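The values are calculated or read from the model by the stated rules, or taken from the named source; none is laboratory data. All of these numbers come straight from a predicted model, not from anything done at the bench. Heads up, the Cβs are rebuilt from the backbone with ideal geometry, glycines too, and the neighbour counts pull from every protein chain shown. Protein only, heavy atoms only, side chains kept; ligands, DNA and RNA dropped before computing areas. Shrake-Rupley method; radii C 1.70, N 1.55, O 1.52, S 1.80 Å.
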Amino acid sequence: MITEKKLQYFIEVCKTENISSAARNLFIAQPALSKTIQELEEELHYPLFDRQGKHIILNENGRIFQTYAKQILANYDGARAALASNNQTDDKHISFGVSVCSQLLSDILGGFYEKRPDANITVHTGYPLDCMQDHLDLVLDAYPQLTTPSSDTESLQKPVGDILMSEEICIAYAASHPFARETAIPRSILYHYPCILPSPESRMGDLLDDLWKRYILRPLQSSSDVNNSYVQCELVSQGRYFTLVPKKSWRPAYTANNLILAPLPNAKIYRHICLYRQPYLSALAQEFADYLHTYFAAL
């Protein structure tokens with residue numbers, strides 16, 4: 001039987017055209033995903049992908065079915081949203097996806113629970129959350145923007161949601177680092193010292209990777225990839241490394257480790273924190289969305 005889950009898995013494989021990558025994004029085992037796609041093709045009586053060794057390519061059957069699969073999933077979501085809206089007086093549950101600013105979660109949730117102790121918020125953290133986004137009331141994400149003297153300001157993608165906050169990405173280093181002796185840090189010197197960057201599997205790391213590729217910039221050579229802002233700043237505090245940090249949302253991490261911030265030379269990178277929402281929200285979920293606007297405006 002063709003189920004909603006099979007359709008969700010199929011859509012994710014269409015995005016990546018790679019079973020291993022899709023399995024990681026869906027948090028399931030690769031053999032289980034391969035079996036699901038095989039069952040789907042058997043139920044439809046047509047192959048949806050062309051196999052070329054380890055690679056798969058969406059074929060014309062797959063493209064046709066992809067259109068209908070998206071419509072079916074959208075109808076599921078619309079039905080759920082309409083039912084939630086119709087019964088919102090009793091709905092105290094909020095599903096909240098967080099791809100960025102997870103270090104602020106405790107403060108965010110604590111403040112809202114003080115206002116609404118009856119709320120029941122389920123938090124899903126990680127990146128990417130694409131396969132879950134349609135089933136979450138609210139999702140906290142980000143997109144980057146780069147400005148250089150020789151180019152116009154350009155963002156990598158247009159935000160679909162509300163912009164809650166914009167923050168500059170800065171160089172961070174300890175007082176014992178050689179950068180502390182520089183009145184202004186030249187761009188060339190960045191490539192002569194080891195640095196620690198966020199893991200590419202994190203939203204922050206992925207944003208930086210997009211920037212290097214899109215603008216054909218020489219990427220910084222990271223000595224280590226870290227997936228935790230506090231660990232990243234703690235390692236930098238020892239004086240051997242420098243790093244890049246968002247100026248506002250990472251303030252608790254870099255101030256706790258007494259790091260110095262400096263602007264990037266010859267370029268400015270900004271990260272815009274966005275809130276994506278379902279078209280139909282319960283009254284409580286809408287209240288939480290308004291609270292997030294207020295919270296980030298105050299940072």
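A Cβ distance below 7 Å, combined with a sequence gap of six or more or placement on separate chains, defines the contacts here; from region 80-100, residues that are open to solvent by less than 60 Å² (accessible area, probe 1.4 Å) reach residues that are part of a helix (DSSP H, G or I) and modelled with pLDDT of 85 or more in the pairs Asp91/Leu284; Ile94/Leu284; Ile94/Ala285; Ile94/Phe288; Val98/Leu105.
Looking at Leu284, Leu261, can you tell me which residue is over 30 Å from Ala79 (Cα atoms) and touching a residue at least 12 places away in the same chain (Cβ under 8 Å)? Checking each option against the conditions leaves just Leu261. As for region 166-174, it holds no residue that is at pLDDT 75 or above, open to solvent by 70 Å² or more (accessible area, probe 1.4 Å) and not in a helix (DSSP H, G or I).
Take the residues in region 1-16 that are part of a loop (DSSP other than H, G, I, E, B) and touching a residue at least 24 places away in the same chain (Cβ under 8 Å), then tell me which one is most open to solvent (accessible area, probe 1.4 Å). Only one residue tops the list, namely Met1. Filtering Tyr291, Tyr276, Tyr295, Tyr270 for residues that are in contact (Cβ under 8 Å) with a residue 60 or more places away in the chain, within 29 Å of Pro194 (Cβ to Cβ) and within 22 Å of the chain's Cα centre (by Cα) leaves a single hit, Tyr270.
Contact map, region 17-30: first residue under 22 Å from Glu60 (Cβ atoms), second residue open to solvent by 30 Å² or more (accessible area, probe 1.4 Å), Cβ cut-off under 8 Å, separation 6 or more or different chains; pairs are Glu17/His55; Glu17/Ile57; Asn18/His55; Ile19/Gln30; Ile19/Ser34; Ala22/Tyr9; Ala22/Lys15; Ala22/Thr16. Whenever a residue of region 187-213 is aliphatic (A, V, I, L, M), its partners that are open to solvent by less than 40 Å² (accessible area, probe 1.4 Å) and modelled with pLDDT under 80, lying with C-beta atoms within less than 6 angstrom and at least six residues away or across chains, give the pairs Ile196/Val226; Leu207/Pro144; Leu211/Pro144; Leu211/Leu146. Out of the residues in region 266-299 that are among the basic types (Lys, Arg) and either part of a helix (DSSP H, G or I) or open to solvent by 30 Å² or more (accessible area, probe 1.4 Å) (or both), state the one that is farthest from Leu190 (Cα to Cα). Looking at the filtered set, the residue picked out is Arg277.
Does any residue of region 48-63 turn out to be in a helix (DSSP H, G or I), of a type outside the set (Lys, Arg) and touching a strand residue (DSSP E or B) at 6+ places or on another chain (Cβ under 9 Å)? Checked against the condition, which is being in a helix (DSSP H, G or I), of a type outside the set (Lys, Arg) and touching a strand residue (DSSP E or B) at 6+ places or on another chain (Cβ under 9 Å), region 48-63 yields at least one hit.
Here Tyr230 meets the list (1) modelled with pLDDT of 80 or more; (2) open to solvent by less than 70 Å² (accessible area, probe 1.4 Å); (3) closer than 29 Å to Tyr291 by Cβ almost entirely, failing just condition (2). Counting the residues of region 102-154 that are in a loop (DSSP other than H, G, I, E, B) and either at pLDDT 70 or above or open to solvent by 50 Å² or more (accessible area, probe 1.4 Å) (or both) gives 12.
Within region 240-258, the set of residues being touching a residue at least 24 places away in the same chain (Cβ under 8 Å) and either in a helix (DSSP H, G or I) or exposed (fewer than 15 other Cβ atoms within 10 Å of the Cβ) (or both) comprises Arg251, Pro252, Ala253, Tyr254, Ala256, Asn258.
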